[in-house]
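Worksheet: one structure, shown below.
The values are calculated or read from the model by the stated rules, or taken from the named source; none is laboratory data. This one's a predicted model, so the numbers in the text were calculated from it and none came from an experiment. All Cβ positions, even for glycine, are placed from backbone atoms using ideal geometry, and neighbour counts span all protein chains on display. Surface areas here come from the heavy atoms of the whole protein model, side chains and all, with no ligands, DNA or RNA. Shrake-Rupley method; radii C 1.70, N 1.55, O 1.52, S 1.80 Å.
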Amino acid sequence: KQEVTQIPAALSVPEGENLVLNCSFTDSAIYNLQWFRQDPGKGLTSLLLIQSSQREQTSGRLNASLDKSSGRSTLYIAASQPGDSATYLCAVPRGGGGSNYKLTFGKGTLLTVNP
Amino acid sequence: DGGITQSPKYLFRKEGQNVTLSCEQNLNHDAMYWYRQDPGQGLRLIYYSQIVNDFQKGDIAEGYSVSREKKESFPLTVTSAQKNPTAFYLCASSSTGSNEQYFGPGTRLTVT
């Protein structure tokens, strides 16, 4: 059974700091990994999808890395801003074939960027 | 604008009543999903549908029902059999061959 863990559960940083959010998963046979952002009371916004054949994916100030062998992904946020404050979740597919449609989510990291 | 809409944003019901949550997408995605989110817990999959007129139970399907009569629509009914229906409900969709999921804004259901 795939399990996804995100550490830390909460993180508070001053504006301008570079930071790393962690995601670990127990079954390394994944097709891809997706990072999301969720603002309070809102739906999830897809940030990055990193394929199993890739090691990194970048979008603006965000960089996601994937190390399947160690069961880890990191989301790097450069020059953090108060607007980055949100909960960040990672998710992986549970398996191949039909079950590839099912995602297992971590519980998220609540990020607060202080002005 | 392409995207997923959910309505209503807030929904209040009395215990014992069935309630239907709407989810519509214009992304031309084949697959659609319903999740439930509770404080301190990760998202849990209720039902999913890979194609019109077909759907499968997720991890917590008891007390819920769905239909998929049109590609664009995947309504969720929360029945009176659901013991703890108060939660934040999220709908998502993805295209065939890519399980990158896109989410709607959510519906917060409160049952008293």
- line: Going through region B:43-53 in order, the residues found to be surrounded by 13 or more Cβ atoms within 10 Å (Cβ to Cβ) and either in a strand (DSSP E or B) or touching a Ser or Thr at 6+ places or on another chain (Cβ under 8 Å) (or both) are B:R44, B:L45, B:I46, B:Y47, B:Y48, B:S49, B:Q50
- prompt: Out of all the residues in region A:14-45, which are charged (D, E, K, R) and more than 14 Å from chain B (Cβ to nearest Cβ)?
  reply: A:E15, A:E17, A:D27
task: Go through the residues of region A:77-86 one by one and say whether even a single one is in contact (Cβ under 8 Å) with a residue 24 or more places away in the chain, of a type in the set (D, E) and crowded, with 16+ Cβ neighbours inside 10 Å.
output: yes
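Would you mind listing the strands (runs of 3 or more DSSP E) fully within region A:1-102 where at least 2 residues are among the hydrophobic types (A, V, I, L, M, F, W, C) and modelled with pLDDT of 95 or more?
Once the strands (runs of 3 or more DSSP E) in region A:1-102 are filtered for at least 2 residues that are among the hydrophobic types (A, V, I, L, M, F, W, C) and modelled with pLDDT of 95 or more, what remains is A:10-14, A:19-25, A:32-38, A:44-51, A:62-67, A:72-77, A:86-93.
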task: Please find, among B:Q56, B:Q101, B:Q82, the residue that is open to solvent by less than 20 Å² (accessible area, probe 1.4 Å) and over 12 Å from the mean Cα position of the chain (by Cα).
output: B:Q101
query: Checking B:P39 against (1) within 11 Å of chain A (Cβ to nearest Cβ); (2) closer than 21 Å to A:R94 by Cβ; (3) open to solvent by 10 Å² or more (accessible area, probe 1.4 Å), which test does it fail?
result: (2)
message: Looking at (1) open to solvent by 40 Å² or more (accessible area, probe 1.4 Å); (2) within 13 Å of another protein chain (Cβ to nearest Cβ), which one does A:L48 not meet, given that it meets all the others?
response: (1)
task: Go through the residues of region B:5-27 one by one and say whether even a single one is free of Cβ contacts under 8 Å to residues at least 60 places away in the same chain and open to solvent by less than 20 Å² (accessible area, probe 1.4 Å).
output: no
- prompt: Hey, B:T96 hits all of (1) in contact with a Lys or Arg (Cβ under 6 Å, 6 or more places away or on another chain); (2) part of a loop (DSSP other than H, G, I, E, B); (3) among the β-branched types (V, I, T) but one; which does it fall short on?
  reply: (1)
